[in-house]
Amino acid sequence: MEEDSTRFLESVLAEVLAHLEPPKDGRIRHDWSPGSLRKTTDLDLPLVGSGLERVLDDIRTYLRQAVRTDQPGFMNPLWGGLTPEGLAGELVTAATNTSMYTYEIAPLASLIETAVLDRMRQHLRMPHGAGTLTTGGSNGNLMGVLCARQAALPASGHDGFDGRSWCMFVSKEAHYSVAMAANVLGLGRANLIKVDTDDQGRMDPSALDDAIRREASLGRKPLCVVATSGTTVRGAFDPIDGLADVCEAHGVWLHVDAAWGGSCLFSSTHRHLMDGVERADSVCWDAHKMMGLPLVCSAFIVKRAEVLRAACAHGNEAHYLFHDDAEDQDLGRLSLQCGRRNDALKLFLAWRSRGDAGWGALVDRYMDLAAHLAERVRSEPHLELVGEPVWTNVCFRHVPEALPYLGEAIDAHNAALRAALLEEGRFMISRADLDQRVVLRSVIANPAVEASTLDDLVDHVLRLARTLPTDAGSQVEGPRT
Ligand SMILES: Cc1ncc(COP(=O)(O)O)c(C=O)c1O
């Protein structure tokens, strides 16, 4: 590499490391509108470039406005924080830029990906099978349904199928990506049946059984049941054993969406949440969520390797890429992607550094922190815990004394409270609907979070809530999500 390029990259690394220091003003986010960002940032793509010095300035500008997802106050989505192994893995992956489709172009990377997937499969207690790293749980769910279709209708990949005569089942609290899978695979969202949950947000196996029978009586065949291990808002775990009984009785593929909750398998205390997962046909599990790897790092695992292989078959069209003599080594034959980055390395490095014991300790620590936050919420007279946490999702809301006990007014007040938190920029937690109420959802998935962070969060919520007009009805903006 040229000397200039080396100096440039050293400067970039120095900027990045400086950026990772805690923000001096304590803000993890600035409330800039798209209009003001556009005005204050040069977004022109020039006809003639102006060299690396300008690029360094652009990087500084970018870093200045970036939301500090590495900081403890970031508890908004189901991921966050930054680990040295994760960042190191990303750097090495980018520097050695390869594609995972063939062994010849990604030799050790292919072995590493296989090793990581095998280990995840062991935790799922699936001694046989295969898998692939995907772009995330959404894609993993799509692949689960695709494999279900492949298993039910082996010729469908070639001949197509009549999607409208099939249906699939999911809990009412499942992730929206399952609806997208129904769309993409040609069943249509109308043929995605949302099954009732119990008071803890878990799919009810007998309601599933009823739903399958009802749809069958209407002429729709069951293609797939998607169970969720760790729902997005509440963190509920569907009872896999009970659902597997129903799936076996009806001969239906069982896919488990463990994008968020899969990491419980590392903890001897909490792995019971996924009891029965070894009976599933396929599972997706995001390492970029609770395991803290940088986006993206997500596994899709299937019990019958031949189903995945057949689902990803494309005839002999890629004769320029895949050759028979390397069939067993080329991971591209188990993937829907062609070019695919090496997401396995960062996971491998983190696993080497921590071991199973380290992951287990991380999960247990997060669960303790979630219990701490739940306890703080319970102890505050004006905070209400919405649902008992079983995972690290803690949903709560503020109920001011002055407000009449009117659902809508309290909903509006909490929506305004969340907007005020966002504007203040010290904490990011999300707003969701749970049990027909607007709640604030905080999740513990960020290694930087400590008990003191959560105490601060509660103090901030209470302080900001006092600054809001109690008639908050006028402050609700936009539809609830
Ligand atoms: C339960 C569940 N499944 C799937 C997904 C989608 O995962 P990804 O964002 O990796 O596509 C999410 C995302 O939050 C989720 O909560």
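Odds and ends about this structure:
- With helices as the sole contributors, the chain gives -13500 deg cm²/dmol at 222 nm; each DSSP H run of n ≥ 4 counts as -39500 (n - 2.57), and the sum is divided by every residue.
- Computed from point charges on the beta carbon alone (+1 for Lys and Arg, -1 for Asp and Glu), the dipole magnitude for the range 97-341 about its Cα centre is near 460 Debye.
- Measuring nothing but protein heavy atoms, the accessible surface of the range 1-148 at 1.4 Å probe radius is 59 percent carbon and sulfur.
- Other-chain or far-sequence residues with amide H under 5 Å of ARG202's (modelled H): none
- Distance from the Cα centroid of the range 20-39 to that of the range 118-137 is 39 Å (rounded to whole angstrom).
- Sorting the segments 333-343, 374-384, 166-176 by their mean number of nearby beta carbons within 10 angstrom, highest to lowest, gives 166-176, 333-343, 374-384.
- Summary of packing: across the peptides 446-457, 408-419, 55-66, the per-residue average of other C-beta atoms within 10 Å ranks them, highest first, as 408-419, 446-457, 55-66.
- Relative contact order of the range 90-182: 20 percent, from C-alpha pairs under 8 Å at least 6 residues apart in sequence.
- Report note on the peptides 236-247, 302-313: ranked by the mean count of other C-beta atoms within 10 Å, highest first, their order is 236-247, 302-313.
- In Hz, Karplus ³J(HN,Hα) per residue of the range 438-453 (6.51, -1.76, 1.60; θ = phi - 60°; x = Gly, Pro): 6, 10, 9, 10, 10, 10, 9, 8, 10, x, 7, 6, 10, 4, 5, 4
- Measuring between alpha carbons in the structure, the pairs from LYS172/LYS289; LYS303/LYS346; LYS221/LYS289; LYS24/LYS346; LYS172/LYS303 lying more than 32 angstrom apart are LYS221/LYS289.
- The chymotrypsin sites (Phe, Trp or Tyr not before Pro) of the range 287-324 that meet both conditions, a loop assignment by DSSP and at most 12 other Cβ atoms within 10 Å of the site Cβ, are TYR320.
- Sequence-distant residues sharing a close amide H with LYS221 (under 5 Å, placed H): TRP166, CYS167
- If both residues of a DSSP beta bridge must be in the chain, then about 55% of such bridges are antiparallel.
- Taking the Cα centre of the range 292-400 as origin and assigning +1 to Lys and Arg Cβ atoms and -1 to Asp and Glu Cβ atoms, the resulting dipole is close to 300 debye.
The values are calculated or read from the model by the stated rules, or taken from the named source; none is laboratory data. Predicted model only: the values in this text are computed from it and were never measured. Because the Cβ atoms are built from the backbone with ideal geometry, glycine has one as well, and the counts that use them run over all protein chains shown. Each accessible area value is taken on the protein alone, full model and side chains, heavy atoms only, with ligands, DNA and RNA left out. Shrake-Rupley method; radii C 1.70, N 1.55, O 1.52, S 1.80 Å.
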